[in-house]
Amino acid sequence: MGKLRIDPVLLEAAMFFIRRGKQVFLVGGAVRDLLRGKAPKDWDLATDALPEEVISLFNRVIPTGIRHGTVTVRFKGHSIEVTTFRTESAYSDGRRPDTVSFTPSIEEDLSRRDFTMNAIALELPLGRKVDPFDGEGDIRRRLIRCVGEPERRFSEDGLRPLRALRFAAQMDFAIDPPTLAATGGALQTIARVSPERIRDEFDRIVASPVPSRAFIPMEKTGLMALLFPELAACRGVEQRGFHRFDVLDHSLLACDCAARYGASQPVRLAALFHDIGKIQTRRLTEEGVWTFYRHERESVRLTGNILSRYRYPNGVIDSVCHLVGEHMFNAGEIRSDAAVRRFIIRVGEENLQDIYTLRMADAWATAGHEPPPAFLAPLTERVAHILTQNRAFSLRDLAVTGRDLLAIGVKPGPRMGIILNELLETVIDDPAQNSREKLLEIAVNLNRRYS
Ligand code: ATP
Ligand code: MG
């Protein structure tokens, strides 16, 4: 692999170490990226300087993980993570090493790292390569392989198997069979990893170009049954009818299709989970056909459980559950203008693009081939048209306010809300009614009726 281009700003930062007689190496993902011919997205440095020495070398240093020897140096607009060479002793909780000790040896530091491709160091400023585990060869072979004995490395830190799957999906690398095989034996350790750390890896899998590259080995190793039993249970749930796949293959494919459309995180998550309620709601009709009546409600419940379990922010949970709950709209049944308006209100104008993308991904993953671009066009065109007309989608859009109703004698309280909502329903059915005069007339009648 040819000459590696190291950013001049990084070299400049490295000189601060060199001038003090300290060693400094670029390590981790940045080296991996350089060797793959990609631009690194952030810089991790390893040094024999102790954290206090690093702090004294630079003006702006944040002691991000000083207990583990890591500080963050702010330098010319960059954040550089600098970690003192270290070894790790036992991981009795499978989460964090019990003690870390510093070492003067880069080789020792590299041997605590997870995969060979992540255990390569480039000495700065000249770029001498330190690669004791043939990480470069594995990168060339596109292989994810543990440093040392996989069983031991996975039992030290249960996050590592998940990291392997995440890297596989991100970079389209294969996992070396002994490394993959060690996952099954590490399930107990994985079960003790904090939900937040699991979520961060899961998020990166979902954000990757082809998420199923992680999910398929995740299922095979038993990890899916441990972390996402609701999803694993979809294996073998047959559907027939229009569907070519069982519910699990359909779900994984839908998530891949959402990724192909470049969809946002909530859409990808919704694609993955939109059908998990099918198991609970599945019924065989007398004609021998499977039905899944209102499965989306059960899917919403299970999706909410999963995302809360992994401590997703409420905003994400709400978005994903909303998409899952609305994914079953029937474009052919949304005929009248009023029905289109109700559809817009239910889905929310800001979510329309997402629900279309989800539906395209769902259709693709049902038939096994991409739907034509115009698949949803009859609906999307009508929605676009209605959106250009008089807007009356919420109480805010009404030509009258609560104050107007007070003025005609409606008493404050629940009845006020009921009347306002009836006015909105009227206007959704017929936007021509949305004038002050007409609405006040209707309101007077309603008020009389309710008195
Ligand atoms: P990316 O930044 O794309 O997630 P990365 O390889 O830089 O990839 P980081 O989480 O930033 O991953 O970690 C930096 C380096 O620290 C890794 O390359 C690896 O050498 C080491 N490392 C990180 N997490 C672990 C772990 N759980 N066990 C062992 N080594 C680890
Ligand atoms: Mg990194």
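The values are calculated or read from the model by the stated rules, or taken from the named source; none is laboratory data. Here the structure is a predicted model, which is why all the values come from computation and not from measurement. Cβ placement follows ideal geometry from the backbone for every residue including glycine, while neighbour counts extend to all protein chains displayed. For the accessible areas, the whole protein counts, side chains as well, though only heavy atoms, and no ligand, DNA or RNA atoms are used. Shrake-Rupley method; radii C 1.70, N 1.55, O 1.52, S 1.80 Å.
For the set 381, 230, solvent exposure ranked by accessible area (probe 1.4 Å, protein chains only) runs largest to smallest as 381, 230. Placing +1 on the Cβ of every Lys and Arg and -1 on the Cβ of every Asp and Glu, with nothing else charged, gives region 354-407 a dipole about its Cα centre of roughly 240 debye. Note on the chain: antiparallel DSSP beta bridges, both residues inside, total approximately 75 percent of the bridges counted. Ordered from largest to smallest accessible area (heavy atoms of protein chains, 1.4 Å probe), the residues 318, 337, 109 come out as 318, 337, 109.
Across 9, 54, the residue with the most accessible area heads the list, and the full order at a 1.4 Å probe is 9, 54.
Computed from the Kirkwood radius of its Cα pairs, the Stokes-Einstein diffusion coefficient for the chain at 25 °C and 0.890 mPa s stands at 95 µm²/s. Placing one equal scatterer on every Cα of region 142-227 and applying the Debye formula, the log10 ratio I(q)/I(0) at q = 0.19, 0.25 Å⁻¹ is -0.75, -1.34. Within straight-line reach of residue 76, meaning a Cα separation under 17 Å, sit the following aspartates and glutamates at least 8 residues removed in sequence or on another chain: 7, 12, 42, 44. Pairs from the list 41/220; 129/220; 38/129 with a Cα-Cα gap above 26 Å: 41/220; 129/220.
Taking amide H positions as modeled 1.01 Å from N, with prolines and chain starts lacking one, the residues under 5 Å from residue 147 and 5 or more places away or on another chain are 115, 116. At the residue level, residue 6 shows approximately 30 square angstrom of accessible surface with a 1.4 angstrom probe and all protein chains present. Sites listed here are trypsin sites (Lys or Arg not before Pro) in region 371-451 whose DSSP assignment is loop and whose Cβ has at most 12 other Cβ atoms within 10 Å, and the list is empty.
Charges were assigned to the Cβ only: +1 to each Lys and Arg, -1 to each Asp and Glu. The resulting dipole of region 164-312 about its Cα centre is roughly 320 debye. Of the whole protein surface, residue 208 contributes about 0 Å² of accessible area at a 1.4 Å probe radius.
The 3J(HN,Hα) values that the Karplus relation (6.51, -1.76, 1.60; θ = phi - 60°) gives for region 139-147 are, in residue order, 5, 4, 7, 6, 10, 9, 9, 5, 6 Hz. Gly and Pro appear as x. What's the longest bit of the chain with no exposed chymotrypsin sites (Phe, Trp or Tyr not before Pro), using DSSP loop states and at most 12 other Cβ atoms within 10 Å as the test? With a cap of 12 other Cβ atoms within 10 Å, the longest stretch comes to 1-241. The magnitude of the dipole of region 8-134, with charges of +1 and -1 set on the Cβ of Lys/Arg and Asp/Glu and taken from the Cα centre, is near 460 debye.
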